[in-house]
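Heads up: the structure comes next, in structure tokens.
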Number of protein chains: 2
Amino acid sequence: MASHRVKLEPSNQTLEMPTGSLLTEAIREANLDIAQPCGGQGRCGRCAVIVDGEGARRRSTIRLSGKDIDSGFALACQTVIEGDVTITIPEQELISRRLVTDKSAAKVEVPFVYDAESMQSVRAFELELPEPSLDDNRDDVSRTKTALVAMGYEHIDIPLPLIQSMGDVLRQSNWSPWVILERSEDSNSSARLIDLRKEPTRPVGLALDIGTTTVTTYLVDLENGKVLNTAAEYNDQIARGEDVISRIIYASKEDGLADLGQRVRKTISTLLERLQRRTGVEPTDIYKVIVAGNTTMIHLFLQIPPASIRLVPYVPAINHPKRYLASDLELDVHPLASVDCLPGVASYVGADITAGVLASGMKDKEDLTLFIDVGTNGEMVLGAKDWLVTCACSAGPAFEGAGVLDGMRATQGAIEEVWIHSETFEPTYRVIGEVPPRGICGSGLISLLAELFVTGVVDRSGNVKLDLDTPRVREGEHGGEYVIAWSEETESGNDIVLTKVDVDNLMRAKAAIYAGFSVLATSVGLDLADVQRVLVGGAFGKYINVEKAVQIGLLPDLPWDRFHFLGNTSVLGAYMALLSRDARNKVREIADGMTYIELSADNTFYDAFTAAMFLPHTNISLFPNVAEVWEREA
Amino acid sequence: MASHRVKLEPSNQTLEMPTGSLLTEAIREANLDIAQPCGGQGRCGRCAVIVDGEGARRRSTIRLSGKDIDSGFALACQTVIEGDVTITIPEQELISRRLVTDKSAAKVEVPFVYDAESMQSVRAFELELPEPSLDDNRDDVSRTKTALVAMGYEHIDIPLPLIQSMGDVLRQSNWSPWVILERSEDSNSSARLIDLRKEPTRPVGLALDIGTTTVTTYLVDLENGKVLNTAAEYNDQIARGEDVISRIIYASKEDGLADLGQRVRKTISTLLERLQRRTGVEPTDIYKVIVAGNTTMIHLFLQIPPASIRLVPYVPAINHPKRYLASDLELDVHPLASVDCLPGVASYVGADITAGVLASGMKDKEDLTLFIDVGTNGEMVLGAKDWLVTCACSAGPAFEGAGVLDGMRATQGAIEEVWIHSETFEPTYRVIGEVPPRGICGSGLISLLAELFVTGVVDRSGNVKLDLDTPRVREGEHGGEYVIAWSEETESGNDIVLTKVDVDNLMRAKAAIYAGFSVLATSVGLDLADVQRVLVGGAFGKYINVEKAVQIGLLPDLPWDRFHFLGNTSVLGAYMALLSRDARNKVREIADGMTYIELSADNTFYDAFTAAMFLPHTNISLFPNVAEVWEREA
């Protein structure tokens, strides 16, 4: 049988495949992964790749637009190799295995052309001082300041601990110490000394995202801007509550606040040790830290009681923390490193969102953009270059797997993607870690509900159709339910099911999120259909199957190519702010310029929420593509 | 026998005295003290009082100028009552008993017309805040800042500890907290919050003078400027060395610096407790501290190694400390109180001198003024409104009683004043505490050497004349010596003597000081005789018998009325700086504007020192009044 040369990009592999092979088989042969949420049945459109050359024949082009096809896109599972061909796998389609480990953020590019001299606030250099004499017996501090003034630094702050140690350093370095200083946010002529050293040093910084679930760090060389290494770990506060509300309640108990503060510090210390093992950079050589995180996480990190965040009228103690010293915060980096917590907007729109907006670049484009970060809360920002409106909807913990009978977090053993055969109603699923399933995580639940809906297992109100000819549907303790995995397949030996109660919880969650979009659009007199780009941030967003999220009405029904997956935009924004003072100042502009809509004070929200309590929505005309699939399948 | 009505001022007492009584007898009768260092023999001129009325006859007017007599001055010991008379005792002549207790600073007047609103940086007031609502859910910090901005404070810094506690305070005060803030040194629109309280509060501050020997405090009501109480105590560092040099050496030992830091903090804590007992003001209600002290004391207080101060080229680590928080310095006042160490000029011209110059007012007058503070070091400033030159001479510890066989500090049992009969060479002396003598303190040594000189017991080179017809002079172990107290009179049962070696040490000390004056005058092309005012500051200066200090050539031979005794000018300057931002800024101007002359780099100093190694000086024409007394007595 004839074979053909197949070249794979961007990994630059070449292999021989026999005539008639599918592109998916070539990709698997090359040991690469590609998303195939529908199991290769050509229905989800997620395995789209770019084909170059005449050797590929498309069997089906479902979910591809004419423009896509003109651009060379083909569905890997529906395209047959009949000659030499080059396949390019779009990066966002490569499956990132997401056991929550720090490998998920292993490769980070410098996000812009980096010029430390003009952008970076932290600088290190050797300073030559005239030796003191009887004719020039200025004090050590004046001598040092004068030399820095000669370099253009007019206002120099030398913290007391450095004054306490500088006598020895100046003399032992032969009056040529290495100076590490931080220029002010706005001015090159105003600076604060971070350290004086006898030996040369290279400045390193840390971007830190404190998530309710995961703490993520980037260790960054501040001279070339490169990420030296990344590390992520579960927030040790999880032991005191899974979501922000339970943490706030715990913080109000005796010693609760201090306990939570110690726990997140412990997590950070663990990450710093790991980074040190991998790079050799000692934590005390970290001279600058930028912190992003939601408002509650920032309060707990700064040891500020968060109690008022959860009480009407939802007032945080602080949205714009100033820069503090690491020693004031008992953080294990250089004690005089500045720790700069990025600003938030409100109790439920925090620095994770402002950092995310920065990372998304939505302020740099005229396009009408919707930025969303879906977790326990759905935080969302609608806007363009000159304006931003934001709100947060309490989606409840359903997408985190809580409030759902067999729900679980996205760890080993979680069903993360489901496909249901439209005739047999038999499911196919993918489990994180490729082990027997233990439950269903958020993305799995979205996927499952969408499949149940488009295959007609549940109706538009979310009721399980018990009259279907399959043992998978049955009456359970909590009403009608659907069995995803039989007891033989599961780790526990019990069936894994989705019940009517679970469906109701998921529908409330998705309705709250969609209602948020509606309120934002209404507030500025626009239509969601006008949105040019939907930027999905956050760790959860990274794993959502957008197709299915649209099918259940969680996300608006827009053309596929308007959706972009940005991953952890919170840490990415912190990384950008770490590199560039302009980027840092932009976060403040973003926070200051964002109009916050408090949904609990907004009547339109309840109406929008009620309207969204159908699959995909009461007004199905808002979801034309979903309607088409649903009508065809059901 | 006829008696006459004698009225005494300023104590406003009236008594009847018989004809022929001396004014000193009337003063003693009224239970008042007046200096009589020569024992009432009409020689020292220290008992001058102002006489009003015709009832007083002057028997002698030695040491009084024609102008003095025209102004009504008379020597109390040489003036006979022959009719009704009013006597006013000049305040500086009232003897202050000087066991080092805090009573010496008991009554302090507000030094200028005080207007807290315009002068004081620390302000306390109630702040009314709008209650948050769903329509106004700004964060607590923004809400507070906005209300302060409406009052004219543009730049507000709220320290993290207040942010950590403000949530409760704002709510429990019903959104009307008491705010204590500190305005910046230069601007009314820039301020830092010190506290937020539920209850009203009245701001209190502390002026702190850290002397090598004594720590002195004034507790001050910052609303009316009044001194609520004063307290002074020996610096607990004395246990680790009596003078700055021995403290510097001790500080370089392991844990030495920390030990000295803890010791001075302990002293300050003791004083704060004492002030609290007397006034009810808790240390944590002290919102502002101004610190004066010599450069070494400031270094030790700030825990900055002082090693370089004593090594050529005598470079301190810092002359201009910035303001630190009490919590950074572990001082037991309000943790967010600013602790502002006044600036110094050089290793041996510290903040005690710049504060002293402020308190002396010499920058406010056109007169050529000499300001001196004599202790282990003689620090001196020559200048007028527009210029100041300064230097410090190491006088050695002789004036502190060290390096002298029977020398001791000015405490109970110290001979503090001596008078020697010019024919019998028998001494009269006064002992602190009126107990049997234990030794001789600095002022006693000056007094004794002057008496030995003017009565001819020692010659101009300081040699004891062993051929005098008195058992008081004899050959001892250390050369010729003079016996001040026989063993029967003393506490120890041994003779108290002054030896040739002691005399040499004293002469080196006084020569160093006088040489300093000479160098300052020479440096600006002036003559010491041109000095219009000699301002004597410091605790020691307060007790020097100027007459005798001139006789030995320690002080220049100028008319009596040009000498002024200012007491502890260091704490007084700190007090002024505590009250008024203008005064505080003036100290900086003083420090910046002072030209420091390093004597060890100055050739003229050695010549001047050698010339001063006689009694009173090689060139006796510089001491015309002393020459006159000496030639008459000897």
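The values are calculated or read from the model by the stated rules, or taken from the named source; none is laboratory data. Being a predicted model, the structure only gives us computed values, none of them experimental. Cβ sites come from the backbone with ideal geometry, for glycine too, and all protein chains shown count toward neighbours. Quick note on the areas: whole protein, heavy atoms, side chains included, nothing else; ligands and nucleic acids left out. Shrake-Rupley method; radii C 1.70, N 1.55, O 1.52, S 1.80 Å.
In plain terms, the C-alpha convex hull of segment A:223-379 casts an average shadow of 10.5 nm² when viewed from every direction. Mind checking which aspartates and glutamates have their Cα closer than 13 Å to the Cα of residue B:385? Skip sequence neighbours fewer than 8 apart in that chain. Candidates past the 8-residue exclusion: B:364, B:366, B:367, B:589.
For the protein assembly as shown, what is the Kirkwood estimate of the hydrodynamic radius, computed as the reciprocal of the mean inverse distance between distinct Cα atoms, to one decimal in Å?
Final number for the Kirkwood radius of the protein assembly as shown is 36.7 Å.
Quick one: pull the percent of accessible area on the protein assembly as shown belonging to carbon and sulfur, 1.4 Å probe, ligands and nucleic acids left out. Of the solvent-accessible surface of the protein assembly as shown, carbon and sulfur hold 47 percent.
How big is the antiparallel share of DSSP beta bridges in the protein assembly as shown, given as a percent to the nearest 5? Among the beta bridges of the protein assembly as shown, antiparallel pairing accounts for roughly 70 percent.
Buried accessible area between A and B (1.4 Å probe, both chains summed, ligands and nucleic acids excluded), in Å² to the nearest 100?
2800
For the listed residue pairs A:7/A:67; A:465/A:510; B:266/B:322; B:288/B:365, the alpha carbons are over 27 angstrom apart in B:288/B:365. Taking the label point 7 Å along Cα→Cβ, residue B:259 and its counterparts in the other copies are spaced 4.4 nm apart, in ascending order. The equivalent ellipsoid of segment B:320-458 has semi-axes of 38, 22, 13 Å, largest first, where each one is the square root of 5 times an eigenvalue of the Cα gyration tensor.
Assuming a ≥ b ≥ c are the square roots of the Cα gyration tensor eigenvalues, decide whether segment B:481-578 counts as rounded (a/c under 1.5), prolate (otherwise, with a/b larger than b/c) or oblate.
Working: a/c = 2.57, a/b = 1.55, b/c = 1.65.
Judged from the Cα gyration tensor, segment B:481-578 comes out oblate (a/c at least 1.5, b/c at or above a/b).
Over segment B:231-309, what per residue volume does the convex hull of the Cα atoms give, in whole Å³?
Given the Cα convex hull of segment B:231-309, per-residue volume reads 92 Å³.
Between copies, residue B:114 shows label-point distances of 5.6 nm, shortest first, with the point placed 7 angstrom from Cα along Cα to C-beta.
Taking every protein chain into account, the accessible area of the protein assembly as shown amounts to 38 square angstrom per residue (probe 1.4 Å). Using every pair of separate Cα atoms, the Kirkwood estimate puts the hydrodynamic radius of chain A at 26.5 angstrom.
Model label points for residue B:199 and residue A:632, set 7 angstrom from Cα along the Cα-to-Cβ axis, are 7.6 nm apart. The protection proxy used here, the mean number of other Cβ atoms lying within 10 Å of each residue, ranks peptides B:159-165, B:601-607 as follows, highest first: B:159-165, B:601-607. Measure nothing fancy, just the Cα-based angle from helix B:351-360's long axis to the longest principal axis of chain B, in degrees from 0 to 90, nearest 10. Approximately 80 degrees, to the nearest 10. A Förster distance of 25 Å, applied to the separation of the beta-carbon atoms of residue A:228 and residue A:11, puts the FRET efficiency at 0.55. Using Cα atoms only, what is the angle between the long axis of helix B:160-172 and the major principal axis of chain B, expressed in degrees (0 to 90) to the nearest 10? So the inclination is approximately 60 degrees. All alpha carbon pair distances within segment A:275-336 were sorted into 10 Å bins beginning at 0; the resulting P(r) in whole percents reads 19, 42, 25, 12, 2. Of the residues making up segment A:109-154, those losing 40 Å² or more of accessible area when the isolated chain is joined by the remaining protein chains, with a 1.4 Å probe, are A:134, A:137, A:139. Residue by residue, segment A:404-419 carries 3J(HN,Hα) couplings of 10, 3, 9, x, 7, 6, 7, 10, 3, x, 8, 6, 10, 7, 10, 10 Hz when phi is fed to the Karplus relation 6.51 cos²θ - 1.76 cosθ + 1.60 (θ = phi - 60°); x denotes Gly or Pro. Normalised Debye scattering of segment A:167-217 at q = 0.24 Å⁻¹ gives log10 I(q)/I(0) of -0.91, counting only Cα atoms as equal scatterers and leaving out solvent.
Extent of segment A:509-634 along its three principal axes (Cα atoms, max minus min coordinate, largest first): 54, 32, 24 Å. Each residue of segment B:219-224 was assigned a 3J(HN,Hα) from its phi angle through the Karplus expression (A = 6.51, B = -1.76, C = 1.60, θ = phi - 60°), giving 9, 10, 6, 7, 7, 10 Hz with x at Gly and Pro. Placing a label point 7 Å from Cα along the Cα-to-Cβ direction at residue B:530 gives distances to the equivalent points in the other copies of 8.4 nm, listed shortest first. Measuring between their Cα centroids, segment A:359-407 and segment A:492-544 lie 9 Å from each other.
Kindly provide the Kirkwood hydrodynamic radius of segment A:378-485 in Å, to one decimal, from all pairs of distinct alpha carbon atoms.
15.3
Between residue B:366 and residue A:332, the FRET efficiency from the beta-carbon distance, with R0 = 51 Å, is close to 0.30. Most simply put, chain B has about 70% antiparallel DSSP beta bridges, counting only bridges with both residues inside it. Taking every Cα-Cα distance in segment B:360-421 and sorting them into 10 Å bins from zero, the calculated P(r) comes out as 20, 32, 25, 20, 3 percent.
If Lys and Arg each add +1 and Asp and Glu each add -1, what is the summed charge of the other residues whose beta carbon sits under 14 Å from the beta carbon of residue A:14?
Counting the neighbours of residue A:14, the net charge comes to -3.
Treating the angle as unsigned and between 0 and 90°, give the value, to the nearest 10°, between the Cα long axis of helix B:624-633 and the longest Cα principal axis of chain B. Long axis of B:624-633 versus the principal axis of chain B: about 40 degrees.
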